[in-house]
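The values are calculated or read from the model by the stated rules, or taken from the named source; none is laboratory data. It should be emphasised that the depicted structure is a prediction, and the values quoted were computed from it without experimental measurement. A quick note on method: Cβ atoms are made from the backbone with ideal geometry, for glycine too, and the neighbour counts reach across all protein chains shown. Keep in mind that these areas ignore ligands, DNA and RNA; they rest on the heavy atoms of the full protein, side chains included. Shrake-Rupley method; radii C 1.70, N 1.55, O 1.52, S 1.80 Å.
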Amino acid sequence: MKVTEWIDISQPLSNNIGHWPGDTPFQYETAFTKKETGSVNIGKIVTSLHTGTHVDAPFHFDDDGERIIDLDINIFIGRARIIDVSAFKEINVATLSQFDLSGVTRLLLKTAVPNQPHTFPEQIIHLDAQIAPYLQASGVKLIGVDVPSIDPLNSKEMPAHHAFHHHRIHILENIMIDTVEPGDYDLIALPLPLIEGDGSPVRAVLRRCSEKGR
């Protein structure tokens, strides 16, 4: 088995990263310097949980939904498949039916929008909610996208979020796979163990591996 290097597909977090309009921007500061403490520098961050590459917990859009700490971490570790849907104007069942999804547990979508961490997009290609039952029937448990949301940016009803939750498919957003070739990879995208969190930043990485796995 030939194993390659890990590929970081996370948006770098900095004070000029793009964020949802009206949401809490990411801010890092050195709260205490080594000169002040006599021994160490101590950093401090303030951020929305939905800035950069992140996982949505069901509580994000459902008051009765699970928090991040409740989610099975095994969902976010394992074999994933990247498919390139950038040629399509809509991402629906007809679109996905053109790809081989056999044996896929984690599906990552490369859309037509370049992922630019410093700029929040004005519009995105969103996912049709009817994809959820189709993917559940195929065995998919995690959907990943290279945009901030699986729903339209101005959506209040968030139909895709609710549909994926109903069909037990978890959501990973804002991955950076512009330069990553389609195919099968090992994925690690672990959320932080936030007890009350409606989401969590993740450090998402991929590794191309020829051996078939779950």
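Rounded to the nearest 5, what % of DSSP beta bridges with both residues in the chain are antiparallel? Present the calculation step by step, with values, prior to reporting the outcome.
Values: 25 of 38 bridges.
Bridges in the chain that DSSP calls antiparallel: roughly 65 percent.
Mind checking which of 174, 137, 163 is farthest towards the positive end of the range 64-176's charge dipole, using Cβ charges of +1 (Lys, Arg) and -1 (Asp, Glu) about the Cα centre?
The listed residue farthest towards the positive side: 137.
Roughly how many percent of the accessible protein surface of the range 52-197 is carbon and sulfur, given a 1.4 Å probe and a whole-percent answer?
Exposed carbon and sulfur together represent 51 percent of the surface.
Of 16, 76, 87, whose Cα points farthest to the positive end of the dipole of the range 1-87 (charges on the beta-carbon: +1 Lys, Arg; -1 Asp, Glu; origin at the Cα centre)?
Highest projection toward the positive end goes to 16.
Please sort 132-140, 60-68 by packing, taking for each peptide the average over its residues of neighbouring beta carbons within 10 angstrom, highest first.
Highest-to-lowest ranking by the protection proxy: 132-140, 60-68.
What is the extension gain from residue 39 to residue 166, computed as 0.36 nm multiplied by their sequence separation minus the C-alpha to C-alpha distance, in nm to one decimal?
That pair, residue 39 and residue 166, stretches by 40.7 nm at full extension.
With a cut-off of 8 Å between alpha carbons and a minimum separation of six or more residues, what is the relative contact order of the range 47-133 in percent? Spell out each step's value before the answer.
Working: 74 pairs, mean separation 24.2, N = 87.
Result for the range 47-133 is 28 percent.
Which whole-Hz couplings ³J(HN,Hα) result when phi for each residue of the range 160-168 is put into the Karplus expression 6.51 cos²θ - 1.76 cosθ + 1.60, θ = phi - 60°, listed in order with x for Gly and Pro?
Taking θ as phi minus 60°, the curve returns 5, 4, 5, 5, 5, 4, 4, 9, 6 Hz for the range 160-168.
If a/c stays under 1.5 just call it rounded; otherwise compare a/b with b/c (prolate if a/b is bigger, oblate if not). Do that for the range 90-137, with a ≥ b ≥ c from the square roots of the Cα gyration tensor eigenvalues.
Because a/c hits 1.5 or more and a/b exceeds b/c, the range 90-137 counts as prolate.
Please list, in chain and number order, the residues 5+ apart from residue 178 or on another chain whose amide H is under 5 Å from its amide H, with Hs placed from the backbone.
Long-range HN contacts for residue 178: 115.
If you only keep lysine pairs separated by 8 or more in sequence, or across chains, how many in the chain come under 27 Å at the Cα atoms?
13
Determine the order of 29, 181 by accessible area, beginning with the largest, at a probe radius of 1.4 Å.
181, 29
How large is ³J(HN,Hα) for each residue in the range 133-145, as worked out from phi by the Karplus curve 6.51 cos²θ - 1.76 cosθ + 1.60 (θ = phi - 60°), to whole Hz, x for Gly and Pro?
Each residue of the range 133-145 in turn: x, 5, 6, 4, 5, 7, x, 6, 10, 9, 10, x, 10 Hz.
First check a/c for the range 73-199, with a ≥ b ≥ c the square roots of the eigenvalues of its C-alpha gyration tensor; if it is under 1.5, answer rounded, and if not, answer prolate when a/b is larger than b/c or oblate otherwise. Please list the in-between numbers first.
Details: a/c = 1.12, a/b = 1.01, b/c = 1.11.
The shape class here is rounded.
So how far apart, in nm, are the two label points at residue 203 and residue 6 if each is 7 Å from Cα heading toward Cβ?
The two pseudo-label positions are separated by 0.6 nm.
Multiply the residue separation of residue 118 and residue 46 by 0.36 nm, subtract the distance between their alpha-carbon atoms, and state the gained length in nm to one decimal.
Here the segment from residue 118 to residue 46 would lengthen by 24.2 nm.
Counting Lys +1, Arg +1, Asp -1, Glu -1, what net charge surrounds residue 126 among other residues with beta carbon under 11 Å of its beta carbon?
-3
Percentage of Cα-Cα pair distances in the chain greater than 20 Å, rounded to whole percent?
58
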